[in-house]
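K.L.:
First the structure, then my questions, so here it is.
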Amino acid sequence: QVQLVESGGGLVQAGGSLRLSCRATGNIFAMNVMGWYRQAPGKQRELVATITRGGSTTYADSMKARFIISRGNTRDMVYLEMSSLKPEDTGVYFCYAELILEYWGQGTQVTVSS
C-alpha cells in the first residue's frame, strides 16, 4: 500500500509554467508505475504521463511536447514539469501509482487563465 500527496498546483497565466510534485510513502519499492492524470470540469479523468520503474515514459499526445515527467533519485517522488500552459490544461491533477492495485492522491488544482 502507498499514500500519495501532490503539491505545486496553482494559478498561472497562459504560456506560463508549473511544476507539480508527488510524494509517495509506504511500500514505494513495490511501485511499478507512477504518473499523473488530470480531470477538467465536466470531463472524465485522462492520462497526462506515466513513468515506469525502469524510467520509460508515456505521454498523452496533446501534452508530449510541453510536459516532462521525472522521478526523484530516492524513488519516492514523481514530478511533472508543465510549460506553455493553455487554458484547456485547467483541471485537478492526480498523482497515480500502480503496484498490484492502483493508488491515487487527492489531487492538486491547476488553473490556467487566458
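K.L.:
Over 14 Å, how big is the tail of the calculated P(r) for segment 22-84, in percent of all Cα pairs?
P.N.:
57 percent
K.L.:
Identify the trypsin sites (Lys or Arg not before Pro) of segment 51-114 meeting these criteria: DSSP loop state and at most 16 other C-beta atoms within 10 Å of the C-beta.
P.N.:
Passing both the DSSP loop test and the Cβ count: ARG53, LYS64, ARG66, ARG75.
K.L.:
What's the extension gain from ASN27 to ILE100 if we count 0.36 nm per residue and subtract their Cα-Cα distance?
P.N.:
This chain segment gains 25.2 nm when fully extended.
K.L.:
Restricting the calculation to Cα positions, tell me the Rg (one decimal) and the Dmax (whole number) of segment 65-114 in Å.
P.N.:
Gyration radius and largest Cα-Cα distance of segment 65-114: 12.8, 41 Å.
K.L.:
Just the number please: accessible area per residue for the chain, 1.4 Å probe, all protein chains included, in Å².
P.N.:
For the chain, the per-residue accessible area is 53 Å².
K.L.:
While we're looking at this one, here's another question. Each label point is 7 Å from the Cα along the Cα-to-Cβ direction; what then is the distance between the points at SER114 and ASP61, in nm?
P.N.:
2.4 nm
K.L.:
Could you compute the FRET efficiency for ASN73 and ALA14, with r as their C-beta to C-beta distance and R0 at 30 Å, rounded to 0.05?
P.N.:
Result of the calculation: an efficiency of 0.35.
K.L.:
Here's a follow-up. Towards the positive end of the charge dipole of segment 1-106, with charges on Cβ (+1 Lys, Arg; -1 Asp, Glu), say which of GLN44, ALA14, THR74 has the farthest Cα.
P.N.:
Farthest along the dipole direction, towards plus: THR74.
K.L.:
Which net charge results for the neighbourhood of ARG53, defined as the other residues with beta-carbon distances under 11 angstrom from its beta-carbon, given Lys and Arg at +1 and Asp and Glu at -1?
P.N.:
Overall, the nearby charge balance is +1.
K.L.:
What is the percent carbon and sulfur in the accessible area of segment 40-114, measuring with a 1.4 Å probe over the protein chains and ignoring ligands?
P.N.:
50 percent
K.L.:
Just to be sure I follow: if Rg is taken over the C-alpha atoms of the chain and Rh is the Kirkwood radius over the same atoms, what is Rg/Rh?
P.N.:
0.95
The values are calculated or read from the model by the stated rules, or taken from the named source; none is laboratory data. All values reported here derive from a predicted model rather than from experimental measurement. With ideal geometry, Cβ positions are generated from the backbone for all residues, glycine too; neighbour counts draw on all protein chains shown. Note: accessible area is taken over every heavy atom of the protein model, side chains too, but ligands, DNA and RNA are not part of it. Shrake-Rupley method; radii C 1.70, N 1.55, O 1.52, S 1.80 Å.
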